[in-house]
Amino acid sequence: MKVLLIEDEPEISELISNFLKSENYLVEKAVDYRSAQDKIASFDYDCILLDIMLPDGNGLSLLKELAKMDKSDGVIIISAKNSIDDKVKGLELGADDYLTKPFHMAELNARIKSVLRRKNGENSSFVELNNVKISFDERLAKVDEQVLDLNRKEFDILVFLATNKNRIVSKSAIAENIWGDYIDQADDFDFIYSQVKNLRKKLRTYQAQIEIATVYGIGYKLTTK
């Protein structure tokens, strides 16, 4: 899952970033209003962690920008200001949650997972598709209770396709969601093909009742059998 951290304090940014990476999130960072604005306009994120006190602008204005761009990124405001007015205004402008500094990393992680579940239309920490069960919290995928041996990217691709079940997902959307800014370094999408090929093989080996179909020239679509 891809997270954008908008935070101008280097120590706080590094602390949050390192924790989220240890929890297997793909983290991108912005240190001011302008860089955050550029990233939001260029990429889609599963969750944005937004500090409203930025050196060159107010983070609440970024919420207005998101609304203008009709973006569906989940947003959690993280702020040292424990102001009721800021909380109310932020939520009214489209933020999903508000967390006051200082906070425990475990609480931040729980808030992010809650936002992701709501964003993906899930009311629990897992999704089931026929005989396949995917646990977001445990980062496990099982077929008839047998654990699939997936690497990190294979699991992330499976989650992304599963939460977009029956929808055609472009290769560029997969690349941006799983690899983030690093996609700029790639000349083609062969690395996605390789991961999907391995994922398909493992699903077939365990007789999973889901299928990843290739939509030639576009991307992939996950369906149930």
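The values are calculated or read from the model by the stated rules, or taken from the named source; none is laboratory data. This is a predicted model, so every value here is computed, not measured. All Cβ positions, even for glycine, are placed from backbone atoms using ideal geometry, and neighbour counts span all protein chains on display.
Points worth noting:
- Filtered by the rule that a residue be among the β-branched types (Val, Ile, Thr) and exposed (fewer than 15 other Cβ atoms within 10 Å of the Cβ), region 48-96 gives Ile84, Val88.
- Considering residues of region 133-148 that are touching a residue at least 40 places away in the same chain (Cβ under 8 Å) and out of contact with any Lys or Arg (no Cβ under 7 Å at 6 or more places or on another chain) only, the residue surrounded by the most Cβ atoms within 10 Å (Cβ to Cβ): Val143
- Count - residues of region 178-204 that are over 13 Å from Glu154 (Cβ atoms) and either in contact with a Ser or Thr (Cβ under 6 Å, 6 or more places away or on another chain) or modelled with pLDDT of 70 or more (or both): 3
Conditions tested, residue by residue: (1) assigned to a strand (DSSP E or B); (2) of a type in the set (Lys, Arg); (3) farther than 21 Å from Lys21 by Cα.
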position: Tyr45; (1), (2), (3): no, no, no
position: Lys71; (1), (2), (3): no, yes, yes
position: Ile78; (1), (2), (3): yes, no, no
position: Leu91; (1), (2), (3): no, no, yes
position: Phe103; (1), (2), (3): no, no, no
position: Ala110; (1), (2), (3): no, no, no
position: Val115; (1), (2), (3): no, no, no
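- Residue tally, condition part of a helix (DSSP H, G or I), buried (at least 19 other Cβ atoms within 10 Å of the Cβ) and touching a helix residue (DSSP H, G or I) at 6+ places or on another chain (Cβ under 7 Å), over region 17-32: 0
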